[in-house]
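I have placed the structure first, in the form of structure tokens, so that the comments after it can refer back to it.
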Amino acid sequence: MTPTLTPPAGSVAGTAADERCDRCNAAGKLRLTLAGGSELVFCGHHANRYAEDLVKIAVQYAADPEFTWRGAEMMSNSN
């Protein structure tokens, strides 16, 4: 039997090659889920640059384990 690996909670599923930034096509570091269920993916640069605006539209987020998103604290404070 081959074990199946499940990504830890709070991480972006897939590899950087699988997920690309919706803004510039760089490796994805942050995935946001919007109220309607659609998703956006951002590289670290764009995720942090637009953090204040992104927390206003996101209902959930998942970040790469090695990436610190500036909006994470804002998301936890808004709940």
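The values are calculated or read from the model by the stated rules, or taken from the named source; none is laboratory data. Source: prediction; values computed, not measured. With ideal geometry, Cβ positions are generated from the backbone for all residues, glycine too; neighbour counts draw on all protein chains shown. Heads up: the accessible areas ignore ligands, DNA and RNA and are worked out on the full protein's heavy atoms, side chains in. Shrake-Rupley method; radii C 1.70, N 1.55, O 1.52, S 1.80 Å.
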So which residues in region 60-79 are in contact with a helix residue (DSSP H, G or I) (Cβ under 9 Å, 6 or more places away or on another chain) and of a type in the set (A, V, I, L, M), if there are any at all? Ala63, Ala72, Met74, Met75
Kindly provide the set of residues from region 44-73 that are open to solvent by less than 60 Å² (accessible area, probe 1.4 Å) and not in a loop (DSSP other than H, G, I, E, B), ordered by number. Gly44, His46, Ala47, Asn48, Ala51, Leu54, Val55, Ala58, Ala62, Ala63, Ala72
Residues of region 51-79 classified as over 21 Å from Ala27 (Cα atoms) and among the aliphatic types (A, V, I, L, M), total: 4
Subset tally (residues that are in contact (Cβ under 8 Å) with a residue 24 or more places away in the chain and buried (at least 17 other Cβ atoms within 10 Å of the Cβ)) for region 29-43: 5
